[in-house]
1. Taking θ as phi - 60°, what are the ³J(HN,Hα) couplings along the range B:3-9 by the Karplus curve (6.51, -1.76, 1.60), each to the nearest whole Hz, with x for Gly and Pro?
2. Within 10 Å of each Cβ in A:48-54, how many Cβ atoms from other chains are there, averaged over the peptide?
3. When DSSP assigns beta bridges and you keep just the ones with both residues in the range A:6-164, what percent turn out antiparallel, to the nearest 5?
4. Of the candidates A:VAL20, A:VAL101, A:VAL60, which one comes out as most mobile in a Gaussian network treatment of chain A with C-alpha springs shorter than 10 Å?
5. Sort A:SER146, B:SER102 by Cβ crowding within 10 Å, fewest neighbours at the top.
6. From the phi of every residue in the range B:43-52, what ³J(HN,Hα) in whole Hz does the Karplus formula 6.51 cos²θ - 1.76 cosθ + 1.60 yield, where θ is phi - 60° and glycine or proline is x?
7. Residue farthest toward the positive end of the dipole of the protein assembly as shown, with Cβ of Lys/Arg at +1 and Asp/Glu at -1: which of B:VAL141, B:ILE163, A:TYR73?
8. Could you let me know the centre-to-centre spacing of the range B:126-171 and the range A:80-141, using Cα atoms, in angstrom?
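What follows draws every value from the coordinates through simple rules; no lab data is involved. Only a predicted model underlies this, so the values are computations on that prediction, with no experimental measurement involved. Backbone-built Cβ (ideal geometry, glycine too); neighbour counts: all protein chains shown.
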Amino acid sequence: MATVDLNKSILDYIYECPVVAKDPMYFGVAEEKDNNNQLLVNREQPRDAIEFIDGTVERVYRAEILMYKSVAYNPIVIEEDSAGKVSPSPLYPNENIEDMVDGQTLIDWIKEQNENRHFPNFGNECIIESVETTSNRPTFNGVNVSLESPLAQFSVGLVITYLDTSKQLWK
Amino acid sequence: MSVAQFNLAEHQRAERKLLLTVAEWTEGTTTERELLGRRTEDSSVEYNADQSTTTDILGINYTDVNKTQPQQDFDPYLILGGSKLGAKLDDIRRRNALSELSQFTLYLITAYVGDSVNGYRAEKHVNCTIQYNSLGGDANVNMPISAFFSNDITNGHVDKLSIDFVFTPDV
């Protein structure tokens, strides 16, 4: 039986999400550039492979989707005027707030796919149980100020739990 | 009759998946079977031996095993889509039709004896009981069960490790 490339399956899957499909996606190594996305596969943790007595193994695939976004140094509100009135910045809505939207949309999309049991294709010998994110909000990892245009990095943690039946004797 | 040897290399340990417990029952005119132990990490046949020991005047012990009452617990036994046994036990539970819990045949297949050509050694226990112990759990619905072997044994072998196996008694 042909081996399924799980990384490719994940990429195919998350590319179905419109906010991911609209921007360049890199695997492993990425150029830090506005609107670039990057898929990083994380190492397994100790309880990520649970063997059952029937020979099946519950495995966990962990990955992270990094999103690079340009940043703005504009305040949300402008300082109070002489009369003591505080007003929203004329640049509101703020770019930094909008930067979070793509990550949040991806998280919401994954949640919806999980509820509908629409999963990546891991082949005939794997039964996917769930596709989840590690948090309900994108994580802000910081800003790389060493670049000509500073870039913020956001991440969405992805956890796919599946049952590997390839070593099962009972068919 | 000579004792059949394990089909294992010298010092090779038998993987747990080589010991299979299969439940069989009739549903109308249809015979149904199900492998027990899906999503169960650890389960053993406990023989619950009843022993009596006497000590002579020299201090020597003489132990007799009067009977065994083999029992195997499966915890978790998750409510899983496609599980016919789970559905049957749940139906018995809601009707409180306790007498129907004692109409199972259990096969204990020791797949570390035999092979795919000559078949695998198995023992067939008729009129066994499968009991549900609780219903509930945390993230998933769990209905742990206990299987009680009758010791009404026919020794033999099965031709393959799949649901449509044929059991042939030893001659």
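1. For the range B:3-9, the Karplus-derived couplings read 7, 5, 8, 5, 8, 9, 5 Hz, x marking Gly and Pro.
2. Per-residue shielding by partner chains comes out at 6.
3. On the way: 36 of 39 bridges.
The answer is about 90 percent antiparallel.
4. For chain A, modelled as a Gaussian network with Cα springs under 10 Å, the answer is A:VAL101.
5. On the way: A:SER146 8, B:SER102 13.
Going from sparsest to densest Cβ surroundings: A:SER146, B:SER102.
6. Ordered by residue, 3J(HN,Hα) equals 7, 9, 7, 9, 8, 6, 5, 9, 10, 9 Hz.
7. B:ILE163
8. Spelled out, the Cα-based centre of one part sits 47 Å from the other.
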